[in-house]
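These notes are about the structure you will find just below.
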Amino acid sequence: MKRSPLLPGVLAIVAVALTVRAQVPDAPVQNSAPPPAAAPAPAPAAAPASSGSNPAAPPNNNFLGKDVPFLDPAGEVFSWDGKHWNVNNNRIFSARFEKYLNAEAENTDANVRYRALVRSIIDKLSPYHISPGSLDEAFRMLPQASGFEADANLSDALAASVYSVWQARREDVRLVQANNALEQERRAAQHNAEMSAGETNLTPIGPRASGAEQAQWAKQQEMRRTIQMEPYISRLAEIRAMTNANRAKRELSELQTKIEFQALIVQFFFQRRFQHVLMATQFYRAIFGEGDTTLKVGKETEKFFSSTTGMPPTVSVLDSLAREAMRDAREGVEAYKFLLGKNELESATKRLSEAFVVGEFMPELRTLPRADKRQALAFTQKSNQLLSALEVKDYTLAMKLVLDLETTAKDFDNSKPMAAIETAKTVSAMHLAKAKNAAVNGDRAILEAELKTATELWPRNPALSELSTSIFSQADVQQKALIDFDQLLSQRNYRQIYDDYVRFIAATANSPERQEQLKKVLADMKTIETALERSSEIAKRGDNYGAWETVEQTSKNFPDDTKLNQARANLTTEAAEFVHTIRTAEQLEGKQQYGSSLAWYLKAQKMYPPSEYAHTGIERLAKLALGDHP
Amino acid sequence: MARRASSKIRPLWIACIVGALVLAVIGGIVVQNQGGDAFRTVPELDIGEYLSNANSLRGNNYKVKGVISQSLLYSRETGRLYSVEVNGSGGDNVLPVLVPPELSYLNLQKGQHYTFLLEVGDAGILLARKMQKG
């Protein structure tokens with residue numbers, strides 16, 4: 001698609017109509033360097049020097065920024081005030097564009113009549129048809145055009161400006177007449193002054209008058225002349241001053257109306273109301289038919305116009321730019337329709353968005369059927385969603401959107417998003433693997449660092465969620481294990497602790513106090529288990545008395561162990577007579593029936609000579625018997 | 001004919017002699033029995049009672065026949081404590097018997113049969129007052 005060399009300038013100028021304050025910067029603000037995309041474009045007086053980063057530079061207090069806005073259509077990057085945005089990543093633009101895409105085509109009768117009226121005005125003002133009559137007709141049609149909603153009363157503003165010029169012109173005529181009258185008065189004053197100077201006549205003094213008398217006479221003569229001429233001279237000065245003031249008023253009035261009219265044209269241009277620009281420039285030429293058409297704009301804007309269009313800013317330049325913009329918008333719409341037919345939605349949407357940026361109010365865009373626009377809307381929404389997903393690093397959603405876009409738009413270029421997605425996934429997976437290793441090794445510092453990095457790369461990574469859940473569940477398990485440990489310890493349920501000792505060893509790794517408690521529990525349980533094993537071995541030999549004694553001795557230290565108590569109960573049955581003997585001995589000893597008790601211990605020893613119980617009981621009571629004896 | 005008269009007397013004499021012998025034997029047995037039990041006036045120890053509540057028998061004297069089983073403990077002042085196996089109504093039992101130094105002249109050895117004259121001490125320990133072998 002061939003583009004006019006004027007187009008960048010057109011885009012640059014019209015883009016100022018967008019409210020860029022709400023835009024999202026595409027890249028961090030680099031005050032000292034323009035973006036690469038914008039670099040080849042003819043830069044406005046712009047950026048680096050006017051950026052606020054240079055303390056030596058004088059402050060620039062231009063309205064709404066420090067330089068002229070510039071749009072690089074090649075990179076779709078818009079530059080203003082030292083910041084750069086992609087026009088497709090612009091909230092306001094996106095919102096406005098989506099609103100347009102959802103809007104019904106403006107094909108109502110009113111719209112059709114309005115467009116016909118505007119075309120008629122432009123036609124009547126064209127150089128081929130312009131005449132005082134057509135000028136008046138065009139002027140009378142402006143209020144009619146203003147009556148349509150699509151006009152936004154801009155035609156009224158144009159009509160008001162034209163009327164102001166005409167009023168100024170009538171004032172100019174009045175000033176000319178006043179000056180003529182003043183000129184006549186000046187001439188009369190001049191004549192009167194000359195006459196007054198000639199009529200000065202004092203009584204002459206005689207020849208005998210002395211020199212002093214003659215000097216006095218001459219002085220009086222001069223004073224009288226001056227007094228007689230004074231009113232005329234003063235009036236003459238007044239008339240000259242009034243004439244000069246009127247002349248200045250005329251010049252100022254003409255300049256003021258010109259500037260106001262030019263300002264209106266520039267305003268239409270910035271509003272992208274190119275049809276109104278054409279109407280205004282044609283009115284301008286008709287009214288100010290001769291003389292200078294140079295726009296009275298600021299130095300920055302003047303330099304911008306000169307550097308982008310190669311021409312000084314004039315009404316004709318604005319007229320040309322407006323026509324070029326209109327042509328470009330029409331071409332953009334045609335390209336959109338063609339690409340839509342080819343199912344190349346990405347290119348089609350870009351062409352339409354470009355056309356929309358330039359010619360939002362052009363009939364070609366306003367009359368585009370909603371059904372056609374909706375296809376671009378679907379693509380735009382998904383594209384914007386993809387940008388958002390990539391921005392927030394939701395690569396799962398981004399991948400889904402890429403696949404959707406590939407299906408809907410066969411020209412969709414997935415290389416950039418896929419590269420971003422795949423790279424992020426790969427690097428994130430590497431960090432997760434490191435985090436897993438660190439978790440296994442118990443290296444908390446590395447675990448946290450790797451998890452943080454993986455999270456920053458891909459915050460919504462499902463694997464990250466799984467790993468986090470696993471780690472946190474491990475933490476939960478550890479916490480629960482500690483709670484269980486404390487509870488079992490308070491219940492003296494050492495058997496349960498022993499059965500789950502692997503779990504508790506892991507859980508108490510970071511709790512030295514619990515570690516000591518666990519160590520004691522395990523040592524006790526080892527004693528119990530050893531006793532049970534020994535008891536079992538003894539019982540296998542048929543020595544139930546010995547087996548019972550083994551568990552009985554251990555159970556005195558660990559009366560709460562269920563397994564030990566179970567074995568003790570079983571063996572008590574097997575060695576009932578012996579147990580009865582020992583029990584009786586113990587009971588009698590407790591009642592200080594030492595003789596009886598000793599007799600029972602002796603009986604028990606006879607029953608089971610290796611009996612430790614009997615041996616110690618006998619030894620203990622024998623000493624008592626000998627000692628007690630008087 | 002004279003021979004017939006002398007044979008009638010002989011069976012009477014034989015019967016008298018036999019009766020006398022029987023009486024002599026019975027008498028001898030009785031005398032023998034009464035004369036071998038040195039502590040025949042002392043009551044036998046009720047083993048069952050002793051095993052259940054020796055303290056209730058404190059201060060009483062009993063006689064017990066048993067076999068020396070083992071020496072449990074020796075003290076120069078208080079004597080030597082022996083375990084003595086006895087046979088009672090409840091089966092075989094072993095009683096602790098303290099032999100005081102006064103009876104230390106007896107050379108007690110395991111397996112010897114003795115009849116003990118025992119006093120039940122303060123803690124229910126059986127204290128040997130007299131001992132007779134056999």
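In this structure, the pairs whose alpha-carbon distance is over 21 Å, taken from B:Lys63/B:Lys110; A:Lys350/A:Lys416; A:Lys519/A:Lys540; A:Lys382/A:Lys410, are A:Lys519/A:Lys540.
A simple spin-label model places the labels of A:Glu104 and A:Ala576 10.4 nm from each other, with each point 7 Å out along Cα-to-Cβ. Near A:Ser126, no amide H atom lies under 5 Å from its own; only residues 5 or more places off or on other chains count, and H is placed 1.01 Å from N.
Evaluating 6.51 cos²θ - 1.76 cosθ + 1.60 at θ = phi - 60° for every residue in the range A:328-333, the Karplus couplings come out as 5, 5, 4, 5, x, 5 Hz, glycine and proline recorded as x.
Taking amide H atoms as placed 1.01 Å from N in the peptide plane, the amide H of B:Ser69 lies under 5 Å from those of B:Ser83, B:Val84, B:Glu85, B:Gly111, each 5 or more residues away in sequence or on another chain. With viscosity 1.002 mPa s and temperature 20 °C, the Kirkwood radius over alpha carbon pairs of the range A:575-630 converts through Stokes-Einstein to a diffusion coefficient of 197 µm²/s. For the range B:47-133, the spherically averaged projection of the C-alpha convex hull amounts to 5.2 nm². Restriction of the chymotrypsin sites (Phe, Trp or Tyr not before Pro) in the range B:41-134 to DSSP coil positions whose beta-carbon has at most 12 other beta-carbons within 10 angstrom yields B:Tyr105. For a straight C-alpha distance cut-off of 19 angstrom, the aspartates and glutamates reachable from A:Lys124 (same-chain residues fewer than eight places away being disregarded) are A:Asp136, A:Glu137, A:Asp151, A:Asp156, A:Asp319. When both the range B:94-134 and the range A:532-555 are represented by their alpha-carbon centers, they are found 36 Å apart.
For the range A:109-291, how big is Rg over Rh, using alpha carbon atoms and the Kirkwood form of Rh?
Rounded to two decimals, Rg over Rh is 1.42.
Put a plus charge on the Cβ of each Lys and Arg, a minus charge on the Cβ of each Asp and Glu, and nothing anywhere else: the dipole of the range A:492-571 about its Cα centre is then about 60 debye. Between amide H atoms placed 1.01 Å from N, distances below 5 Å from B:Leu98 occur with B:Tyr82, B:Leu126, B:Leu127, B:Ala128, all of them 5 or more places distant or on a separate chain.
Ranked by the mean number of other Cβ atoms within 10 Å per residue, highest first, peptides A:539-550, A:273-284 order as A:273-284, A:539-550.
Across the range A:480-491, computed HN-Hα scalar couplings (Karplus, 6.51 cos²θ - 1.76 cosθ + 1.60, θ = phi - 60°) run 5, 4, 5, 4, 4, 4, 4, 5, 5, 5, 5, 7 Hz from first to last residue, x flagging Gly and Pro. Computed from backbone phi with θ = phi - 60° and the Karplus coefficients 6.51, -1.76 and 1.60, the 3J(HN,Hα) list for the range B:55-61 is 4, 6, 9, 4, x, 7, 10 Hz; x is used for glycine and proline. Three semi-axes describe the equivalent ellipsoid of the range A:472-630; taken as square roots of 5 times the Cα gyration tensor eigenvalues and ordered largest first, they are 41, 18, 11 Å.
What percentages make up the Cα-Cα pair-distance distribution of the range A:492-571 when the bins are 10 Å wide from 0? That works out to 19, 44, 24, 11, 2, in percent per bin.
No lab work stands behind these numbers, since they all come straight from the coordinates. None of these values were measured; they are calculated from a predicted model. As a convention, Cβ positions derive from the backbone with ideal geometry for all residues, glycine included, and neighbour counts pool all protein chains shown.
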